[in-house]
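Trainee: First, the structure itself, so that you have it in front of you.
The values are calculated or read from the model by the stated rules, or taken from the named source; none is laboratory data. Predicted, not measured: the structure shown is a model, and the values here were computed from it. Cβ atoms come from the backbone with ideal geometry, glycine included; neighbour counts cover every protein chain shown. Keep in mind that these areas ignore ligands, DNA and RNA; they rest on the heavy atoms of the full protein, side chains included. Shrake-Rupley method; radii C 1.70, N 1.55, O 1.52, S 1.80 Å.
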Amino acid sequence: MGKDIAVERTGHVALIEIRRPPNNFFDIALINEIADTLEALDADGTCRATVLASQGKVFCAGANFGDGSSLDAQGRRPGEQSQGVGHLYMQAVRLFRINKPIVAAVHGPAVGGGLGLAMVADFRVACPEARFVANFTRLGFHPGFGLSVTLPRAIGEQNAALMFYTSRRVTGADAHSMGLADVLVPQDEVRSAAVALAAEIAENAPLGVMSTRATMRGDLADRVMQATEHELAEQSRLRQTDDFKEGVKAISERRVPNFSGR
C-alpha cells in the first residue's frame, strides 16, 4: 500500500481513503494505486463491496494544472510528456473493469477528473456542501475520464450537456434531485452512510450481486475506453490553444476567464 491511500475493513466492506489533502489531486501514480487496490479486493473473497472516500475538504479536484506558467506549448505539465495524460486516462479504464460494487463518499467538491473518479462508483453518497463540477469548458478544453459516457448514463443527456456547457458548480441538493447523488445526508454522516449502503449491498449473495452488476453495466468499460480515446484526442488538440492557457490561469487567479476563441 502506498502512502497516498489507506484501506480499512469493516465486515465485508473495504473503505479506500485517498490521502492527498486538501485537494486530493490525482496523477497516474494515484490512479494506479486505486486500481491495484480495487483489483486486489476483487480477488479477496471476504470483500463484497468497496467505499471510495478521501481526506480533507475536497473529494478530488482532478488534475493539478497549477497557474499555467509551467505548461509547455502542448499544454502539458512538467513530467507529463513522459507519462502522458493519455496514459493516466487509459489506466483509469481499469477502474471500470472492477467486478464488485463501489460507493463513493463525496463529502466535498468533485471537480473535473475528480468528478470522473466519483462516476466510477455505482452509487454516490453526498451532502449539501458537496459540489459536482465538470469544469472542462471553463478550463478551455474537453471532458475526460470517460465522463462523456458516464455522466449522461447517470443523469441523462440533457443534464450532462447542461453541466458540460456551463461548467456550473452543482450543489449536493441539485445533484440529488437529478440522480447524480443517490443519498443526501449531513456532511459529517457522508462516510458512515456510504459504509452503511455498501454493507447493505454486502448482505446479499456476492455472486448474485456481481452477476447482476455485470448485466446492468454491460459493455460500459469498453464504451469508456472508446470514449477516452476520443476525449484524449480532443483534449490534446485543445490544450495547445490560447484559451486553454487562459482558462488555467484564470482559475488559479480566481477570476472570470477572458476567452478569445483561439
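Trainee: Considering only residues that are on the phi > 0 side of the Ramachandran plot and open to solvent by 20 Å² or more (accessible area, probe 1.4 Å), which ones fall in the stretch 158-179? Please lay out each step first, then the result.
Mentor: From the stretch 158-179, those on the phi > 0 side of the Ramachandran plot are 167, 179; that's our starting set.
Of everything in the stretch 158-179, just one residue is on the phi > 0 side of the Ramachandran plot and open to solvent by 20 Å² or more (accessible area, probe 1.4 Å), namely Gly179.
Trainee: I want to confirm something. Restricting to the stretch 46-99 and keeping residues that are surrounded by fewer than 19 Cβ atoms within 10 Å (Cβ to Cβ) and among the acidic types (Asp, Glu), which single residue is modelled with the highest pLDDT?
Mentor: Asp72
Trainee: Given the condition in contact with a Phe, Trp or Tyr (Cβ under 7 Å, 6 or more places away or on another chain), open to solvent by 20 Å² or more (accessible area, probe 1.4 Å) and in contact (Cβ under 8 Å) with a residue 24 or more places away in the chain, answer yes or no: does some residue in the stretch 189-198 qualify?
Mentor: From the stretch 189-198, those in contact with a Phe, Trp or Tyr (Cβ under 7 Å, 6 or more places away or on another chain) are 197; that's our starting set.
Checking the rest, the ones that are also open to solvent by 20 Å² or more (accessible area, probe 1.4 Å) come to 197.
Applying the additional criterion that residues be in contact (Cβ under 8 Å) with a residue 24 or more places away in the chain yields 197.
The answer is yes; a qualifying residue exists.
Trainee: Cβ-Cβ below 6 Å, separation at least six or inter-chain, first residue in the stretch 237-261 and in a loop (DSSP other than H, G, I, E, B), second open to solvent by less than 30 Å² (accessible area, probe 1.4 Å) and of a type outside the set (S, T, N, Q): which pairs?
Mentor: From the stretch 237-261, the pairs are Arg239/Gly75; Arg239/Phe141; Gln240/Gly75; Pro257/Gly247; Pro257/Ala250; Phe259/Asp243.
Trainee: Out of all the residues in the stretch 118-128, is one or more more than 30 Å from Ala205 (Cα to Cα), open to solvent by 30 Å² or more (accessible area, probe 1.4 Å) and more than 11 Å from the chain's Cα centre (by Cα)?
Mentor: Yes, the stretch 118-128 contains a residue that is more than 30 Å from Ala205 (Cα to Cα), open to solvent by 30 Å² or more (accessible area, probe 1.4 Å) and more than 11 Å from the chain's Cα centre (by Cα).
Here is a yes/no grid of residues against (1) touching a residue at least 12 places away in the same chain (Cβ under 8 Å); (2) over 17 Å from Val125 (Cα atoms):
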| position | (1), (2) |
| --- | --- |
| Phe141 | yes, yes |
| Val149 | yes, yes |
| Ala161 | no, yes |
| Ser177 | no, no |
| Asp182 | yes, no |
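Trainee: Continuing with this model, one more query. Restricting attention to the stretch 223-249, report how many residues are open to solvent by 70 Å² or more (accessible area, probe 1.4 Å) and not acidic (Asp, Glu).
Mentor: Going residue by residue through the stretch 223-249, those that are open to solvent by 70 Å² or more (accessible area, probe 1.4 Å) are 223, 225-226, 229-230, 237, 240, 242, 249.
In the following step, the residues that additionally are not acidic (Asp, Glu) were identified as 223, 225-226, 230, 237, 240, 249.
Looking only at that region, the number is 7.
Trainee: Just to be sure before I move on: is Ala6 in contact with an Asp or Glu (Cβ under 7 Å, 6 or more places away or on another chain) and assigned to a strand (DSSP E or B) in the structure I sent?
Mentor: yes
Trainee: Here's something else I'd like to know. Can we say Ala105 is modelled with pLDDT of 95 or more and either open to solvent by 10 Å² or more (accessible area, probe 1.4 Å) or in contact with a Cys (Cβ under 9 Å, 6 or more places away or on another chain) (or both)?
Mentor: Against the criterion (modelled with pLDDT of 95 or more and either open to solvent by 10 Å² or more (accessible area, probe 1.4 Å) or in contact with a Cys (Cβ under 9 Å, 6 or more places away or on another chain) (or both)), Ala105 does not qualify.
Trainee: Pull out all pairs, ordered by first then second residue, where Cβ-Cβ is under 6 Å, the residues are six or more apart or on different chains, the first lies in the stretch 199-221 and is under 10 Å from Ala49 (Cβ atoms) and modelled with pLDDT of 95 or more, and the second is surrounded by 11 or more Cβ atoms within 10 Å (Cβ to Cβ) and basic (Lys, Arg).
Mentor: As it stands, the answer is Ala202/Arg48; Pro206/Arg48, since those pairs meet every condition given.
Trainee: Which pairs have Cβ atoms under 7 Å, sit 6 or more apart or on different chains, and link a residue in the stretch 46-60 that is closer than 11 Å to His107 by Cβ and aromatic (Phe, Trp, Tyr) to one that is assigned to a strand (DSSP E or B) and at pLDDT 95 or above?
Mentor: Partner pairs satisfying both residue conditions: Phe59/Val106; Phe59/Ala110.
Trainee: Could I ask something else about it? May I ask you to list the residues in the stretch 28-43 that are open to solvent by 40 Å² or more (accessible area, probe 1.4 Å) and in a helix (DSSP H, G or I)? Please lay out each step first, then the result.
Mentor: At the first step, the residues of the stretch 28-43 found to be open to solvent by 40 Å² or more (accessible area, probe 1.4 Å) are 29, 32, 36, 39-40, 43.
Once the filter is applied, which keeps residues that are open to solvent by 40 Å² or more (accessible area, probe 1.4 Å) and in a helix (DSSP H, G or I), the stretch 28-43 yields Ala29, Asn32, Asp36, Glu39, Ala40.
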